[in-house]
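Here the structure is laid out as structure tokens; the discussion comes afterwards.
The values are calculated or read from the model by the stated rules, or taken from the named source; none is laboratory data. Bear in mind that the values here come from a model prediction, so they are computed numbers and not experimental data. Using ideal geometry, Cβ is built from the backbone for each residue, glycine included, and neighbour counts are taken over all protein chains shown.
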Number of protein chains: 2
Amino acid sequence: RWCFSLQSFNNVQPPSRKRQIQDPPIEHDLYVTLEEIDKGCVRKMKISRMSLAQGGNQFKQEKVLNINVKPGWKAGTKITFPREGDQSTGKIPADIVFIIRDKPHPIFKRDGSDLKYTSQISLKQALCGTTISVPTLQGDRVQINTFGEIIKPTTVKHISGRGLPYPREPNRRGDLHVNFEIKFPDTLNSSCKELLNEILPA
Amino acid sequence: RWCFSLQSFNNVQPPSRKRQIQDPPIEHDLYVTLEEIDKGCVRKMKISRMSLAQGGNQFKQEKVLNINVKPGWKAGTKITFPREGDQSTGKIPADIVFIIRDKPHPIFKRDGSDLKYTSQISLKQALCGTTISVPTLQGDRVQINTFGEIIKPTTVKHISGRGLPYPREPNRRGDLHVNFEIKFPDTLNSSCKELLNEILPA
């Protein structure tokens, strides 16, 4: 998968005879989806850098760096490619560093190795019970039956082992936490309100 | 009002004949209540510092600094008392700086010049209507009547001009925002659930 290409430029410095210096690392953010973190992936990053020919002339070189994103990697993880920056006489090329960042997901939020999902249900479903079909990052759905209980605005259901892999133990996974957004009716007629007034506790 | 006393110590340095140096400011957090921010207040801070007598001997001196906290001051506001740190030969005494911090309030949360209050109501009150008595920082209460509407978990009511004074315009105030925490019943019997199932929209 070809994501984008990076250009790095350098200032040609006069050659130093004392000791070789190295510019600070060149850092790039690497946004990965939760699906990529879930399974791991290889991201190919095309870089373009100045290289030195024999004789000291610079020429532009294109190169592909393979980044092996392991399952469960946390945002902030750094992958360093030593000395892959521009080459110039008398200088050590800078390191190129990619920093893993979480790409926002349309339905899940990441919390370490856990995932969070918010299920929208009606007030009727919250009070009378319902079956909730929870999507998972792995693609299948898990059914939760709530007929025996009342779902409150603070209720959280935990689906064990359906989060992201633990980075150091990729066979084990965090949990999927299900929160609820309870949709209230916009209006209720007065006879309905009278009945509710009789039924519901104070 | 005497709040606490501060001790500052210093390292006696050999006198310098070149130029007088000054240690970095000595910073202290000053926690103030929302009531104090609301009206403004004077806080007397007792400091104890080393002073120089004629002849160069140091002696301990107690002093009171008056901090005039103005209505509406934001957390982070700094008040500097120049050169009130320890005196020693050949050195400029350090500045003493107080930094305003918000003391957490049992019922209000500060948001700039606005205040937030969370009202706990039952599901019955949320659906059938109620009168809410909202406390204010000024001590009186404001009544909100909700009989004509349904209070949802996301509902926010705004009471204009009942927040904190604006620091640069202390005659004007921010707003008091009222959020709702709706308490659901823990259980409902089956006949009650059947009725709700008929009454409530899907």
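Taking the conditions (1) assigned to a helix (DSSP H, G or I); (2) modelled with pLDDT under 95; (3) of a type in the set (A, V, I, L, M) in turn, A:Met50 satisfies each one other than (1). Answer yes if at least one residue in the stretch B:80-93 is in contact with a Phe, Trp or Tyr (Cβ under 9 Å, 6 or more places away or on another chain), assigned by TED's automatic domain parsing to the domain that holds B:Ile26 and closer than 22 Å to B:Glu35 by Cα, and no otherwise. Looking through the stretch B:80-93, none of the residues is in contact with a Phe, Trp or Tyr (Cβ under 9 Å, 6 or more places away or on another chain), assigned by TED's automatic domain parsing to the domain that holds B:Ile26 and closer than 22 Å to B:Glu35 by Cα. Take the stretch A:28-46 and flag every residue that is exposed (fewer than 14 other Cβ atoms within 10 Å of the Cβ) and of a type in the set (Asp, Glu). Listed by number, the list holds a single entry, A:Asp29.
Taken together, the criteria exclude B:Phe4 from residues that are of a type in the set (Phe, Trp, Tyr), at pLDDT 95 or above and not in a loop (DSSP other than H, G, I, E, B). Scanning the stretch A:108-145 for residues that are away from every other protein chain (no Cβ under 14 Å) and either at pLDDT below 95 or part of a loop (DSSP other than H, G, I, E, B) (or both) gives A:Phe108, A:Gly112, A:Ser113, A:Thr136, A:Leu137, A:Gln138, A:Gly139, A:Asp140. Among what's in the stretch B:126-153 and is touching a residue at least 40 places away in the same chain (Cβ under 8 Å) and not β-branched (Val, Ile, Thr), pick the residue that is farthest from A:Pro153 (Cα to Cα). Restricting to residues being touching a residue at least 40 places away in the same chain (Cβ under 8 Å) and not β-branched (Val, Ile, Thr), the top hit is B:Gln138. If you go through the stretch B:64-100 and keep only what is of a type in the set (D, E, K, R) and exposed (fewer than 14 other Cβ atoms within 10 Å of the Cβ), you end up with B:Lys74, B:Lys78, B:Arg83. Taking first residues from the stretch A:99-114 that are of a type in the set (Gly, Ala, Ser) and partners that are in a strand (DSSP E or B), the Cβ contacts under 9 Å between residues at least 6 apart in sequence or on separate chains come to A:Ser113/A:Pro165; A:Ser113/A:Tyr166; A:Ser113/A:Arg172; A:Ser113/A:Arg173.
Going residue by residue through the stretch A:176-191, is there one that turns out to be more than 14 Å from chain B (Cβ to nearest Cβ) and touching a His at 6+ places or on another chain (Cβ under 6 Å)? I'd like the intermediate steps shown before the answer.
Initial filter on the stretch A:176-191 (more than 14 Å from chain B (Cβ to nearest Cβ)): A:176-178.
Narrowing the set further to residues that are touching a His at 6+ places or on another chain (Cβ under 6 Å) leaves A:177.
So far as the stretch A:176-191 goes, yes, one or more of its residues are more than 14 Å from chain B (Cβ to nearest Cβ) and touching a His at 6+ places or on another chain (Cβ under 6 Å).
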